[in-house]
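S.K.: One structure, as structure tokens, below. Some questions next.
What follows draws every value from the coordinates through simple rules; no lab data is involved. In this text, all values refer to a predicted model and were calculated from it rather than measured experimentally. Backbone-built Cβ (ideal geometry, glycine too); neighbour counts: all protein chains shown.
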Amino acid sequence: MALQIEDYALIGDCESAALVGCDGSIDWLCWPRFDSEACFAALLGTPKNGRWLIAPRGGKARATRRYRTDTLVLETRFETADGAATVIDFMPVRGKHPTVVRLVRGERGRVAMDFELVLRFGFGAIVPWVTRTGDGTLRAVAGPDMVVLRTPVHLKGRNLTTVAQFIVSEGEMVPFLLTYSPSHLPLPETPAPQQALAATEAFWREWAGHCRPAGPWTDAVVRSLITLKALTYAPTGGIVAAPTTSLPEQLGGQRNWDYRYCWLRDATLTLFTLLNAGFHDAAQDWNEWLLRAIAGSPDQIQIMYGIGGERRMIEWEAGWLAGYEGSQPVRIGNAAHLQVQLDVYGEVMDAAHQARRNGLAIHESGWKMHLELLNHLARVWKQPDEGIWEVRGGPQQFTHSKVMVWVAFDRAIKSAEMFGFDGPIDRWRELRDEIHATTCAHAYDAELGSFVQSFGSKEVDASLLIIPLVGFLAADDPRVRGTIQAIERTLMSDGFVLRYRAENRADGLPPGEGVFLACSFWLADCYILQGRRAEAEQLFKRLMSLRNDVGLLSEEYDLAKRRLAGNFPQAFSHVGLVNTAFNLTRADKPAEQRSRPDAPSPL
């Protein structure tokens, strides 16, 4: 059985990523890209589906771990009765071939270590053909894929499992390098381990050194930003929502999705995050990915794309995998890419406006394409859609979608006025006013004193917290205050925020999921806007306490089991952490110093 989600740490090379357990086992790795098939899939099955273990013999050791300061180099220290050893795990920034480097360093005494390598291509289904060269190099091949292991340790076994036992003494360093290459190519070269370690540390520290300070939250912000950088596909600038698939939102349930893709919805918040932190180059890469991905006919815009801008993410089920703690099905691909979600137009236009304001692109970049998007949106905005939560229970008139449609026209007007672009501004103003009036008339329930999930509904939805954050209504508007009170009253669980009440079956799935961490960060942001600084900080600190021992967050938190849930680590959660940290820091400043051109909300 896989470890608890919080027992994993992330390593990556900005093109792919692996999850390393506190027991010394790499249980998840997709090569050569985030969205490739996994060669280690024990996370969603058993060790027979692929893993790589390096740990003290017998498993009787006390483990502690940390990232080296401002890097993605992971150190796991094992203490045994005979001594201590540290396993240093990292992935060098991509050269010709992706590589995982594992260095076992003796710290004290002599530690007997076990090594077990189970390679399974095709998400744990395909057993490769394993051979060894004269120098002891292990070569595993299946179809188009080849993985090569180099180490001075003597290895045993053949196709099913490769094992070894070795002893590491104080001052010793034992290297293991695993490299991927297409199988038709010669054996790939591997880097010198110590040089690769030094270069990897230097890369991450140089990048993290550009981060703006965030007061007492700076360390947490830097760790979250390093995580976001690690989830960025460097060749294109696309950012995956998470490096995993099918880690369940409800342990043992069906809410299992593939998040190894790029959502347009993340565009604005991610852009704000990078701008807030001072990473303009990364923000520009993300903005350019966005422009390329949505290029084409405006009626064919999707809610999500592949990391290279691919449009098809056909969903299927890997039936041979048991699922994380029995959570089935294990889904590969994501059928939600076919859904209509009108809110993405608002996110695209908001991201574009912020990009222009911050000089990330030529001012007219994408404007003609945006005009076509707005023309299409003007024709379809009254239609129902599947909404921000990608419900599979049928289209509805979701309030959040209408608010973000309003944002699309509002930001278009602002861009046209600010930069002198041509466009039917008067018509956009009429549409903006009509959308605002329609939403307030049909999405606000006077009896409840709150906005509701969809027109005519009696249900409250955490996505309504966006209303003041995007400027649809002021935070002190009585309707906004009433909405926040309703969310506090009906969606709060143990101090955190649920997306909605899943037992009402609005999403077409069986009820049950954890609290959604991004929504709790949104509530903290709303508190800041309302001047409730102490409550915002209290909530923020509680959210910070949910991070695992190396500072990572998943999508949700299971309150009953006190465990992280959902895909991990989750970009949306870390984006929320960074933005709220900067909002809190800004709220501590005198009023005249709070406004900045790159502020992520009307603070």
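S.K.: Using only DSSP helix segments of four residues or longer, with each worth -39500 (n - 2.57), what per-residue ellipticity at 222 nm results for the chain after dividing by its residue count and rounding to 500?
M.R.: Calculated from helices alone, the mean residue ellipticity at 222 nm is -10000 deg cm²/dmol.
S.K.: Hey, another quick one. On a full-extension model of 0.36 nm per residue, what is the gain between Lys382 and Asp281, subtracting their alpha-carbon distance, rounded to one decimal in nm?
M.R.: Numbers: separation 101, 0.36 × 101 = 36.36 nm, distance 3.72 nm.
So the chain would gain 32.6 nm between Lys382 and Asp281.
S.K.: Tell me which label goes with the value of Cα extents along the principal axes in Å computed from the coordinates here: [x] 80, 59, 51; [y] 76, 48, 46; [z] 97, 59, 55.
M.R.: The value matching this structure is [y].
S.K.: Ok, one more. Summing +1 for each Lys or Arg and -1 for each Asp or Glu, what net charge is found among the other residues whose Cβ lies under 14 Å from the Cβ of Arg481? Walk me through the intermediate numbers first.
M.R.: Values: positive: Arg479, Arg489, Arg532; negative: Asp476, Asp477, Glu488, Glu535.
Result for the local shell: -1.
S.K.: Roughly how many nanometres apart are two label points built 7 Å out from the Cα toward the Cβ at Arg392 and Arg292?
M.R.: Calculated label separation equals 3.1 nm.
S.K.: Tell me the net charge near Gly21. Cut-off is 11 Å between Cβ atoms, Gly21 excluded, with +1 for each Lys or Arg and -1 for each Asp or Glu. If you can, show how the numbers build up before the last one.
M.R.: Details: positive: Arg51, Arg65; negative: Glu6, Asp7, Asp23, Asp27, Asp89.
It works out to a net charge of -3.
S.K.: Normalised by the residues of region 63-204, what does the relative contact order come to in percent, with Cα pairs under 8 Å and at least six apart?
M.R.: Relative contact order for region 63-204 comes out at 26 percent.
S.K.: Pull up the cross-link candidates among the aspartates and glutamates for Lys382, meaning alpha carbon to alpha carbon under 15 Å and not fewer than 8 places away within one chain.
M.R.: Straight-line reach from Lys382, under 15 Å: Asp299, Asp343, Glu430, Asp433, Glu434.
S.K.: Just in region 230-315: which trypsin sites (Lys or Arg not before Pro) are loop by DSSP and have at most 16 other Cβ atoms within 10 Å?
M.R.: Counting only loop positions with at most 16 other Cβ atoms within 10 Å, the trypsin sites (Lys or Arg not before Pro) in region 230-315 are Arg311, Arg312.
S.K.: For a test of the definition: using alpha carbon positions, the gyration tensor, and the 1.5 limit on a/c, classify region 308-459 as rounded, prolate or oblate.
M.R.: oblate
S.K.: Counting pairs of alpha carbon atoms under 8 Å apart in space and at least six apart in sequence, what relative contact order in percent does the chain give?
M.R.: Normalised by residue count, the contact order of the chain is 12 percent.
S.K.: Could you work out how much longer the chain between Gln538 and Gln254 gets when fully extended? Use 0.36 nm per residue separation minus the Cα distance between them, nm to one decimal.
M.R.: 98.9 nm is the gain from fully extending Gln538 to Gln254.
S.K.: Using R₀ = 45 Å, calculate the FRET efficiency as 1/(1 + (r/R₀)^6) where r is the Cβ-Cβ separation of Asp477 and Arg68; round to 0.05.
M.R.: 0.45
S.K.: Now, a different point. Would you please name the GluC sites (Glu not before Pro) within region 170-257 that are DSSP coil residues with at most 14 other C-beta atoms within 10 Å of their C-beta?
M.R.: Passing sites in region 170-257 are Glu170, Glu189.
S.K.: Once both axes come from the Cα atoms, what is the angle between helix 517-529 and the longest principal axis of the chain, in degrees from 0 to 90, rounded to 10?
M.R.: 40
S.K.: I would also like to ask the following. Check each of the chymotrypsin sites (Phe, Trp or Tyr not before Pro) in region 158-205 and keep only those in coil by DSSP with at most 13 other C-beta atoms within 10 angstrom; list them in order.
M.R.: none
S.K.: Assuming 0.36 nm per residue, please report the length gained on full extension of the stretch Leu160 to Asp219 beyond their Cα-Cα distance.
M.R.: 17.0 nm
S.K.: Okay, next question. Show me, for region 329-342, the HN-Hα J-couplings you get by feeding each phi into the Karplus relation (A = 6.51, B = -1.76, C = 1.60, θ = phi - 60°), rounded to Hz, glycine and proline as x.
M.R.: Computed from phi, the couplings for region 329-342 are x, 8, 9, 10, x, 8, 5, 5, 5, 8, 6, 9, 9, 5 Hz.
S.K.: In whole Hz, what ³J(HN,Hα) sequence does region 109-122 give by Karplus (6.51, -1.76, 1.60; θ = phi - 60°), x for Gly and Pro?
M.R.: Those phi angles translate into x, 10, 10, 7, 10, 9, 10, 9, 10, 10, 9, 9, 7, x Hz.
S.K.: Sticking with this structure for a sec: Lys/Arg Cβ at +1, Asp/Glu Cβ at -1, dipole of the chain taken about the Cα centre: which of Thr151, Val330, Leu178 is farthest positive-ward?
M.R.: Checked the options; the winner is Thr151.
S.K.: Any idea how far apart Ser169 and Trp129 come out in nm if each label point goes 7 Å out from Cα toward Cβ?
M.R.: 4.2
S.K.: Here's another thing I want to ask about it. Long-range amide H contacts for Ala17: which residues qualify at under 5 Å (H placed 1.01 Å from N, peptide plane, sequence gap of 5 or more or a different chain)?
M.R.: Distant-sequence amide H within range of Ala17: Cys30.
S.K.: Also: Pop the C-beta distance of Arg427 and Asp494 into the FRET formula with R0 = 41 Å and round what comes out to the nearest 0.05. Write down the numbers at each step before the final one.
M.R.: Values: r = 48 Å, r/R0 = 1.16.
Efficiency for this residue pair is about 0.30.
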